[in-house]
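The values are calculated or read from the model by the stated rules, or taken from the named source; none is laboratory data. Because the structure is a prediction, the values reported are computed rather than measured. Glycine gets a Cβ as well: all are built from the backbone with ideal geometry, and neighbour counts include every protein chain shown.
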Amino acid sequence: MSRQQSVATLAITNGQIVTPNGVIEGDVTAVDNRIAAITTNQTGQTDADTVVDADGRYILPGLIDLHGDDIEDHVFPRSGARTADSLALDAADRANVAAGVTTKCHAVSFQDAPEDDRSTDLARDIVDMVAANDDLLADHRIHARCELTDPGCVEAVCEIIDRDIVVMASLMAHVPGQGQFASVESFKQWYMDDAGFDEGEVDEIIETRQKITDDVFDDRIERVTAAATAAGLTVASHDDENPEEVSHRAEKGVSLSEYPVTLDAANRAAEEGMTTAMGAPNLVRGGSQWGNLSTADAIDAGVVDILCADYHPPSLLAAPFVDTGEPLHERVARVTANPAAAIGLDDRGRLEPGARADLLVVDPDPMPTVERAVVAGEDVFCAEASP
């Protein structure tokens with residue numbers, strides 16, 4: 001279904017506006033695709049073509065997700081059962097907008113892992129699918145995830161990295177005893193219990209990955225970072241485990257630490273001047289699924305710049321409303337202005353005149369819910385409770 005026709009002017013009135021500096025009561029007016037004015041007179045009178053009464057609810061910038069792999073669940077709603085690409089993308093689009101995500105960076109894994117319904121061919125298909133479809137509600141981009149244990153994945157990422165739709169790349173190495181899998185046993189247990197491999201198959205995977213030398217990893221890291229830098233992209237490292245690893249990646253051109261698994265790693269990232277991203281589901285749930293660094297603890301330590309939806313877009317909306325002892329506008333910045341700045345999308349992520357008009361009306365109680373979403377000045381989503 002095509003998007004609604006754009007309107008010349010749109011006003012959201014009578015709201016609590018979360019600006020970069022605090023929360024004020026007033027109205028936000030957009031002309032075409034930009035915010036034209038933020039006013040505090042609250043007269044309720046406007047000559048805008050479309051008027052939305054926020055009725056005292058929060059007005060937020062549209063959320064920006066740098067890492068969301070939920071597209072995989074739409075492509076494969078059941079393991080091995082692939083649905084039509086157009087249906088998957090449309091479903092992902094609407095689910096994200098309903099969760100307040102107006103700029104979505106699909107974290108596409110260039111990784112041959114059939115147990116996870118992942119392959120380099122599928123990754124290429126998703127990139128092509130997103131690039132070819134301009135009839136979506138949100139702004140969709142690609143975050144290319146490179147599995148360093150597989151040379152074919154490195155080649156595949158380097159091939160697509162200069163496409164306009166790609167805005168960042170990240171480096172991951174699923175090696176037993178490192179990162180997400182702190183021990184060989186945890187790696188083995190996951191592959192046997194969750195992925196359905198037998199012990200012999202897992203032992204073969206472990207042996208193959210443990211044979212990869214540091215020099216080989218460094219060569220692959222340098223190839224990806226060089227290609228990404230040439231394309232003007234941000235490069236992230238994934239599941240950083242220790243300070244030495246963080247500093248090594250920083251030397252190679254990595255500027256964003258994504259989901260560090262220890263506080264020592266997160267602290268070193270801050271010392272290196274890197275941006276640090278953690279998972280919103282981790283914060284909303286109250287801890288890491290894998291027993292790694294808690295997002296709340298990292299926030300308490302002052303080392304979290306960005307929150308990502310990871311696998312669950314609704315958590316990105318809920319996260320700013322988790323009380324971390326900080327002002328609301330600072331919590332909101334982690335899912336709006338900060339991710340925008342990290343990938344060079346400086347036109348969005350904040351409510352101020354001149355910024356792109358990506359706007360949300362959010363009811364925070366009892367659970368944060370998007371009642372209205374505006375993307376680039378277009379009123380694209382409305383969810384009102386029944387009387």
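Here are some residues: Arg334, Arg350. Which one is touching a residue at least 60 places away in the same chain (Cβ under 8 Å) and touching a strand residue (DSSP E or B) at 6+ places or on another chain (Cβ under 9 Å)?
Arg350
Each row is one residue, and each column tells you yes or no for (1) among the hydrophobic types (A, V, I, L, M, F, W, C); (2) farther than 27 Å from Arg350 by Cβ; (3) assigned to a loop (DSSP other than H, G, I, E, B); (4) touching a strand residue (DSSP E or B) at 6+ places or on another chain (Cβ under 8 Å).
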{"site": "Thr103", "(1), (2), (3), (4)": "no, no, no, yes"}
{"site": "Ser109", "(1), (2), (3), (4)": "no, yes, no, yes"}
{"site": "Ala123", "(1), (2), (3), (4)": "yes, yes, no, yes"}
{"site": "Ile126", "(1), (2), (3), (4)": "yes, yes, no, yes"}
{"site": "Val130", "(1), (2), (3), (4)": "yes, no, no, yes"}
{"site": "Arg141", "(1), (2), (3), (4)": "no, no, no, yes"}
{"site": "Ala144", "(1), (2), (3), (4)": "yes, no, no, yes"}
- Item | Residues within region 338-375 that are in a loop (DSSP other than H, G, I, E, B), surrounded by 19 or more Cβ atoms within 10 Å (Cβ to Cβ) and over 19 Å from the mean Cα position of the chain (by Cα), tallied | 3
- Any idea how many residues of region 28-76 are assigned to a strand (DSSP E or B) and not aliphatic (A, V, I, L, M)? 10
- Query: If you go through region 13-24, how many residues are more than 26 Å from the chain's Cα centre (by Cα) and either closer than 14 Å to Asp358 by Cα or free of Cβ contacts under 8 Å to residues at least 24 places away in the same chain (or both)?
  - Reply: 1
- Item | Residues of region 104-123 classified as charged (D, E, K, R) and in contact with a Phe, Trp or Tyr (Cβ under 8 Å, 6 or more places away or on another chain), total | 2
- Query: Is it true that Gly273 is surrounded by fewer than 16 Cβ atoms within 10 Å (Cβ to Cβ), modelled with pLDDT of 95 or more and assigned by TED's automatic domain parsing to the domain that holds Thr103?
  - Reply: yes
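Mind listing whichever residues of region 298-318 are in contact with a Gly (Cβ under 9 Å, 6 or more places away or on another chain) and either within 18 Å of His143 (Cα to Cα) or not polar (S, T, N, Q) (or both)? Steps first, please.
First, pick out the residues of region 298-318 that are in contact with a Gly (Cβ under 9 Å, 6 or more places away or on another chain): 299-300, 307-317.
Within region 298-318, Ile299, Asp300, Leu307, Cys308, Ala309, Asp310, Tyr311, His312, Pro313, Pro314, Leu316, Leu317 meet the criteria.
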- Going by the conditions given, is Ala95 over 18 Å from the mean Cα position of the chain (by Cα) and outside the structural domain of Val375 (by TED's automatic domain parsing)? no
- Task: Can you tell me which residue within region 293-302, out of those that are more than 10 Å from Leu263 (Cβ to Cβ) and of a type outside the set (A, V, I, L, M, F, W, C), is surrounded by the fewest Cβ atoms within 10 Å (Cβ to Cβ)?
- Result: Gly302
- Item | Yes/no for Asp219 being in a helix (DSSP H, G or I), modelled with pLDDT of 95 or more and not small (Gly, Ala, Ser) | yes
- From Asp117, Asp47, grab the single residue that is over 26 Å from the mean Cα position of the chain (by Cα) and acidic (Asp, Glu). Asp47
- Item | Condition broken by Leu87, with the remaining ones in (1) out of contact with any Ser or Thr (no Cβ under 8 Å at 6 or more places or on another chain); (2) buried (at least 20 other Cβ atoms within 10 Å of the Cβ); (3) not aromatic (Phe, Trp, Tyr) satisfied | (2)
